[in-house]
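Below is one structure; the comments refer to it alone.
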Amino acid sequence: MTISRRGVVAAAGGLIAAPAILGATSASAQAVTTLRFHHFLPAVSNVHTRLIMPWAKKVEEISGGKLKVQVFPAMQLGGTPPQLYDQAKDGVVDMVWTLPGATPGRFPSAEVFELPFIANQKGIVNARAAHEFSQTHLLNETKDTKLLCYWCHDGGVLHSTRKVEKLEDLKGMKLRFPARLTGEALKAVGVAAIGMPVTQVPESVSQRVIDGAIVAWEVVPSIKLAELAKFHLEIPGNPTLYTAAFFIVMNNEKYAGLAPEFRKIIDDTMGMEFATAAGKMWDEAGAEVKEAVRKRGNTITVLPESEKQAWIKAAEPVTAKWIEDMKAKGLDGAKQIADAKALLAKYAAS
């Protein structure tokens with residue numbers, strides 16, 4: 001058989017091109033999608049180490065390494081905590097973990113669980129109830145992002161530089177509050193309530209700008225609050241004084257642009273699954289921190305039930321005003337409270 005020079009050149013060209021084609025195919029098959037996840041807590045926080053990072057690892061494992069989540073704690077990508085939601089909305093980052101309450105009034109339905117004396121002591125109860133609630137009441141308010149998960153932590157604790165045993169002891173104290181309605185509940189019993197990001201609490205306490213803060217037990221180590229505030233006041237029973245709401249949202253376009261199998265991974269590992277993990281983490285970490293604080297020799301006091309009932313009475317106008325405010329926004333606040341309480345009861349019994 002005679003082979004022409006043109007045939008040899010063509011064959012050689014094919015042999016040269018083949019590795020390039022194979023290489024391109026291989027590169028495409030091995031392409032990795034990376035999501036940038038931004039939040040405000042330090043890298044040593046339980047949220048970062050026991051919740052977000054294990055989730056990111058799980059996503060990578062399920063995807064066979066093709067979907068990765070790069071997590072940036074402590075506002076490493078710039079901005080301030082109140083700007084996190086818009087960072088996700090505008091595509092500055094792909095995903096954020098933040099508090100709806102960081103931008104008061106923007107997500108009115110997210111406030112229902114933060115009303116005084118609504119929440120359960122258990123984080124897992126609050127978290128599950130809150131996420132189910134969000135699927136009915138929160139999707140419209142967060143429609144400029146993809147709401148992946150909404151949850152609340154366990155019952156919060158009052159940490160202060162002087163001992164509190166009754167409501168009268170709170171009068172005039174300067175205390176940091178985590179959410180607007182908790183601040184209103186504090187004001188109802190005479191507290192000079194001050195709003196600030198939790199990351200500012202250590203310096204503010206050490207410089208005596210504030211006398212303490214209300215946060216969950218889980219947060220205490222990451223802001224060294226047990227060293228700065230030696231007295232801790234728990235609110236007994238259910239409902240408890242307060243919880244704080246959180247959510248994880250994702251840029252709409254980024255979510256829609258993911259490969260279908262990647263969207264499924266995100267959906268399957270967020271939602272109720274993540275809320276349950278979050279609630280469990282808060283309960284477990286909170287118990288550990290409380291025991292460590294006790295062993296330090298700090299004073300842990302439980303508010304007497306009679307004082308709690310007086311506080312519930314004092315805070316009733318806060319809830320009444322919130323319901324009226326919701327009417328002005330075209331929302332049925334009373335129904336939202338009823339729905340939240342029903343869900344809390346449902347998950348407390350499960």
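Which residues, counting only those in the stretch 313-340, are surrounded by 16 or more Cβ atoms within 10 Å (Cβ to Cβ) and in a helix (DSSP H, G or I)?
Filtering the stretch 313-340 for residues surrounded by 16 or more Cβ atoms within 10 Å (Cβ to Cβ) gives 314-315, 318-319, 322-323, 326, 331, 333, 336-337, 339-340.
Within the stretch 313-340, 314, 315, 318, 319, 322, 323, 326, 333, 336, 337, 339, 340 qualify.
Right, residue 69: in a loop (DSSP other than H, G, I, E, B), under 22 Å from residue 267 (Cβ atoms) and of a type in the set (Val, Ile, Thr) or not? Give the steps one after another, and end with the answer.
Values: in a loop (DSSP other than H, G, I, E, B): no; under 22 Å from residue 267 (Cβ atoms): yes; of a type in the set (Val, Ile, Thr): yes.
Against the criterion (in a loop (DSSP other than H, G, I, E, B), under 22 Å from residue 267 (Cβ atoms) and of a type in the set (Val, Ile, Thr)), residue 69 does not qualify.
Just give me the residues in the stretch 142-170 being of a type in the set (Lys, Arg) and closer than 28 Å to residue 95 by Cβ, in sequence order.
Listed by number, the residues that qualify are 143, 146.
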Enumeration of residues in the stretch 171-186 that are outside any helix (DSSP H, G or I) and crowded, with 24+ Cβ neighbours inside 10 Å: 176, 177, 178, 179
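For every residue, the table says whether it meets (1) more than 20 Å from residue 286 (Cα to Cα); (2) polar (S, T, N, Q); (3) in the same structural domain as residue 263 (by TED's automatic domain parsing); (4) not in a helix (DSSP H, G or I).
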{"site": "119", "(1), (2), (3), (4)": "no, no, yes, yes"}
{"site": "130", "(1), (2), (3), (4)": "no, no, yes, no"}
{"site": "133", "(1), (2), (3), (4)": "yes, no, yes, no"}
{"site": "140", "(1), (2), (3), (4)": "yes, yes, yes, yes"}
{"site": "149", "(1), (2), (3), (4)": "yes, no, yes, yes"}
{"site": "189", "(1), (2), (3), (4)": "yes, no, no, yes"}
{"site": "222", "(1), (2), (3), (4)": "no, yes, no, no"}
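Considering every residue within the stretch 42-56, establish whether at least one is among the hydrophobic types (A, V, I, L, M, F, W, C), in a loop (DSSP other than H, G, I, E, B) and either modelled with pLDDT under 90 or outside the structural domain of residue 197 (by TED's automatic domain parsing) (or both). Steps first, please.
At the first step, the residues of the stretch 42-56 found to be among the hydrophobic types (A, V, I, L, M, F, W, C) are 43-44, 47, 51-53, 55-56.
Filter once more, so that each one left must be in a loop (DSSP other than H, G, I, E, B): 43-44.
Remaining after also requiring either modelled with pLDDT under 90 or outside the structural domain of residue 197 (by TED's automatic domain parsing) (or both): 43-44.
Yes, the stretch 42-56 contains at least one residue that is among the hydrophobic types (A, V, I, L, M, F, W, C), in a loop (DSSP other than H, G, I, E, B) and either modelled with pLDDT under 90 or outside the structural domain of residue 197 (by TED's automatic domain parsing) (or both).
What do you reckon, is residue 93 surrounded by fewer than 16 Cβ atoms within 10 Å (Cβ to Cβ) and within 25 Å of residue 197 (Cα to Cα)?
Working: surrounded by fewer than 16 Cβ atoms within 10 Å (Cβ to Cβ): no; within 25 Å of residue 197 (Cα to Cα): yes.
Considered against the rule, which asks whether it is surrounded by fewer than 16 Cβ atoms within 10 Å (Cβ to Cβ) and within 25 Å of residue 197 (Cα to Cα), residue 93 comes out as no.
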Sole exception among (1) assigned to a helix (DSSP H, G or I); (2) over 30 Å from residue 235 (Cβ atoms); (3) not hydrophobic (A, V, I, L, M, F, W, C) for residue 91, by number: (1)
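The values are calculated or read from the model by the stated rules, or taken from the named source; none is laboratory data. This structure is a prediction, so every number in the text was calculated from the model and none was measured. Here Cβ is always computed from backbone atoms with ideal geometry, including for glycine, and neighbour counts include all displayed protein chains.
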